[in-house]
1. Ignoring ligands, DNA and RNA, what accessible area per residue does the chain give at 1.4 Å, in Å²?
2. With a cut-off of at most 12 other beta carbons within 10 Å, and DSSP calling the residue loop, which chymotrypsin sites (Phe, Trp or Tyr not before Pro) in segment 28-123 qualify? Please list them.
3. Tell me which aspartates and glutamates have Cα within less than 20 Å of Lys43's Cα, excluding those fewer than 8 residues away on the same chain?
4. Taking the Cα centre as origin and putting +1 on Lys and Arg beta-carbons and -1 on Asp and Glu beta-carbons, what dipole magnitude results for segment 197-238, to the nearest 20 debye?
5. With each pseudo-label sitting 7 Å past Cα toward Cβ, what's the Lys76-Lys64 distance in nm, one decimal?
6. Take the Cα of Glu178, step 7 Å along the line toward its Cβ, and report every residue of segment 204-240 whose backbone nitrogen sits under 15 Å from that point.
7. Filter the GluC sites (Glu not before Pro) in segment 1-100 down to the DSSP loop ones having no more than 15 other Cβ atoms within 10 Å, then list what survives.
8. For the chain, what does the helix formula give at 222 nm: sum of -39500 (n - 2.57) over DSSP H segments with n ≥ 4, over the residue count, nearest 500 deg cm²/dmol?
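The values are calculated or read from the model by the stated rules, or taken from the named source; none is laboratory data. Nothing here was measured: the structure is a model prediction, and the numbers come from that model. Every residue, glycine as well, gets a Cβ built from its backbone with ideal geometry; the counts of neighbours run over all protein chains shown. These accessible areas exclude ligands, DNA and RNA; they are computed on the full protein's heavy atoms, side chains included. Shrake-Rupley method; radii C 1.70, N 1.55, O 1.52, S 1.80 Å.
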Amino acid sequence: GIAIALHDPTLRRTSITVPEALRDTPVAKLNWSEIKDIDVGSKWDKKYASYRIATMDSIFAAMKDRPERLLYLDEKGAPPKMMAEMSAKYGVQGQVFYCSSNWRKVVEWSKFAPEGRSMVWLHGAWPKDFSDETLARAEDSMNKTIAEMEAIGFKGITQIQLHTRTNPKEKNPIIPSEKFIRETIKRLHKYGVKVNGADWRRGKEKEVYLKMWDMGFDSFTTDYPEVMFEAIREITSKAK
């Protein structure tokens, strides 16, 4: 009955101190009393040894009266209704983007969270290479999902994230193709839907963000914020 913030289904990758008996047990099958005292910080640095798994209650509480604190909530099975009610309890529903690759869940969230925002992830069937077949599969996958959302006028969908895979040395240097990306962004903008770009493989390269901006993306997702901010400074400098 306790909602927690945890990326993985188990604690194996998160903690070096988790008891072996619990290491591979799905957290959904564990009680809060079994995991609330597990150290999830020491794996990264001894100075974080006091860190524990955060409850969603504690996260929403930390956002209360702090409108600049936004949360992109990777749903990982979290029921839309439950998250809508919890965020509303703390008065932060408008600061929450409910995120999922399942656009129907996002629409469900919007019905329970009238003040909330959302993001649908389009990963293009997770391309593993740069072949023509992979390119076609990625674009077909994205097109199919976009068409489904377009049929309801993207109602309840605030943002869409396009996952890209890039390598300038390949025959197909970016998947999906630049032509597809530009056309898709224009298509989504007509409905007032913002488009976020995420390139997990080459996020360390500033040029990736500059190219995304050139193609029309409204924002970026990154594992390397220091690189992204360097790109943003260059973009804003040129704009001035």
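1. Accessible area per residue, the chain: 56 Å².
2. Here the chymotrypsin sites (Phe, Trp or Tyr not before Pro) that fit, given the DSSP loop and packing criteria, are Trp44.
3. The qualifying aspartates and glutamates are Asp8, Glu20, Asp24, Glu34, Asp223.
4. 80 debye
5. In this crude spin-label approximation the distance works out to 2.3 nm.
6. Label zone hits: 207-217.
7. Within segment 1-100, the qualifying GluC sites (Glu not before Pro) (loop, at most 15 other Cβ atoms within 10 Å) are Glu68.
8. Details: 9 runs with 92 residues, N = 240.
Rounded to the nearest 500, the figure is -11500 deg cm²/dmol.
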